Amino acid sequence: METIPKQPDTTPTAEVPGNYFRFHFPHIHLGSVFGDDWFSLKAEAFARFFGTSVFLVGQTVIVAIWLILNVTGVTHFDVYPFILLNLAFSLQAAYAAPLILLAQTRQADRDKAHADADAQHREALAKASEQRQTFAVQQSEQLIVLLQQNTQLTELVKELTQHIEALTSDMHSKFVDDSSK
């Protein structure tokens, strides 16, 4: 029996610092609109192609060539009232409409999931901001207490310095007075 080696877990977590998209990971399954197989990827690409200017211009050119060839009589594969052209448009619409609707629905789901993730991210940022603000207030209060203690110590040093100066003056005057006698 062949064993498959276990892949290391590379799933990003919220604890990793700098993981800015951690709120989007629960919605990662919404990334692919039609699935992840070859056909699904091609179907999504096809649905996205329908809304491009390249598609509209290309379709307009093809229809114009089709009409010119049949109206001028160069060919007669689809004469007026252009039933084959109408059939081609109907076939295109039959496949395009469901693909486009599916793509829009899934895109709306992805947009909602991303909006939810962004809201969670904003809430986390607000919470972190509040925590930083609370910490800053605590630091400010501690600094004020330390400044008050420093001021008290400075005043105590000043008083002690004045006492030492007074004692030194008294001693000096006693030694000078005693030595002059």
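Read-outs: derived from the displayed coordinates by stated rules, not from any lab. For clarity, every value in this text was computed on a predicted model and none was experimentally measured. Note that we place each Cβ from the backbone using ideal geometry, even for glycine, and neighbour counts take in every protein chain shown.
Points to keep in mind about this one:
- Applying 1/(1 + (r/R0)^6) with R0 = 25 Å to the Cβ-Cβ distance of LEU87 and LYS42 gives a FRET efficiency near 0.60.
- Nearest-0.05 FRET efficiency for HIS114 and GLN149, computed from C-beta distance (R0 41 Å): 0.20
- For segment 25-135, the spread of Cα positions along each principal axis, largest first, Å: 84, 26, 20
- Sites PHE77 and VAL57, calculated FRET efficiency, Cβ-Cβ separation with R0 30 Å, nearest 0.05: 0.80
- Each label point was placed 7 Å from the Cα along the Cα-to-Cβ direction; for LYS174 and HIS121 their separation is 7.8 nm.
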